[in-house]
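Just below is one structure, and these are the notes that go with it.
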Amino acid sequence: MCCTWAARYITPNGRRRILGSFVHGSMADALPLAVGAQVSHPGRQVVSFSGDGGLAMLLGELLTVRTHALPIKVVVFDNSSLGMVRLEMLVAGDPPFGTDHDHVDFAAIAAAMGVHARRVTEPGDLREAARDVFAHDGPALLHVVTTADALEVPTHVTPAEARGFALAVGRTVLSGGVGGLVEMARQNLRNIPHWTYVGARGGVPTGAGVSTA
């Protein structure tokens, strides 16, 4: 799901390029794409945007980055869930099941591989940590802890999707999950102005992404 956030906030401008599995929404392709982009364009800055599930699938590629000293900056959005699968279950009318997992310290894993890393759990710490990671000469990883309750709302919601989501909400209430729904509402109400702005700009793809700046 992280690629949808990147696609909403990063705009290709003729010099900046975004690569990703934007049609198929393939999982875990961000870091391999970043390796290829960096090897083929050694003079360009390459940033890999991965979700925690995607990075975990091909975590060994981080060792490839370290072995070849590729100056790729890896940003991992960690919501402790398979976010896109979770959302797909909701719009299908099913409460999420088997999509969430315990927190993993990707910064510690990267550091154990010899990769410079920072972990961010508070929004106020993000700017300084990002500057530190991007200022590093070699490979570096920025581990950003997020929430699984932040919904990525498409620009066009079909009646079937709305009906499915409402059904999932009803089933969640009946199973005693009201507290989780309240937290989801709290996390997403603040995003309504942003959804309106993005809706005026057009659609947003899904999948993992790589930005070459």
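Summary table below
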item: Output for the stretch 6-32, where each listed residue is over 21 Å from G43 (Cβ atoms), in contact with a helix residue (DSSP H, G or I) (Cβ under 8 Å, 6 or more places away or on another chain) and not small (G, A, S); result: R8, F22, M27, D29
item: Criterion: part of a helix (DSSP H, G or I) and modelled with pLDDT of 75 or more - qualifying residue of G114, G164, G138, G179; result: G164
item: In the stretch 141-161, the residues that are at pLDDT below 95 and under 19 Å from the mean Cα position of the chain (by Cα); result: V144, V145, T146, T147, A148, D149, A150, L151, E152, V153, P154, T155
item: Contacts under 6 angstrom Cβ, first residue in the stretch 64-88 being at pLDDT 95 or above, partner among the polar types (S, T, N, Q), 6 or more apart; result: L70/Q38; I72/Q38; I72/S48; V74/S48
item: Selection count, the stretch 21-36, where residues are part of a helix (DSSP H, G or I), over 18 Å from D105 (Cβ atoms) and touching a residue at least 12 places away in the same chain (Cβ under 8 Å); result: 5
item: Any hit, the stretch 94-106, residues being at pLDDT 95 or above and more than 14 Å from F77 (Cα to Cα); result: no
item: Residues that are among the basic types (K, R) and closer than 15 Å to A117 by Cβ, drawn from the stretch 32-86; result: R66, K73
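A quick yes/no check of all residues on (1) touching a Ser or Thr at 6+ places or on another chain (Cβ under 9 Å); (2) farther than 22 Å from S81 by Cβ; (3) aromatic (F, W, Y); (4) not in a loop (DSSP other than H, G, I, E, B):
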site	(1), (2), (3), (4)
G14	no, yes, no, no
I18	yes, yes, no, yes
Q38	yes, yes, no, yes
R44	yes, yes, no, no
V47	yes, yes, no, yes
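Yes/no matrix, rows are residues, columns are (1) of a type outside the set (S, T, Y); (2) at pLDDT 80 or above; (3) surrounded by 14 or more Cβ atoms within 10 Å (Cβ to Cβ); (4) farther than 30 Å from D102 by Cα:
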site	(1), (2), (3), (4)
C2	yes, no, yes, no
A7	yes, no, yes, no
I10	yes, no, yes, no
I18	yes, yes, yes, yes
A30	yes, yes, yes, no
Q38	yes, yes, yes, yes
H41	yes, yes, no, yes
Q45	yes, yes, yes, yes
S48	no, yes, yes, no
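The values are calculated or read from the model by the stated rules, or taken from the named source; none is laboratory data. Computed from a prediction, not measured in an experiment: that's the story for all the values here. Heads up, the Cβs are rebuilt from the backbone with ideal geometry, glycines too, and the neighbour counts pull from every protein chain shown.
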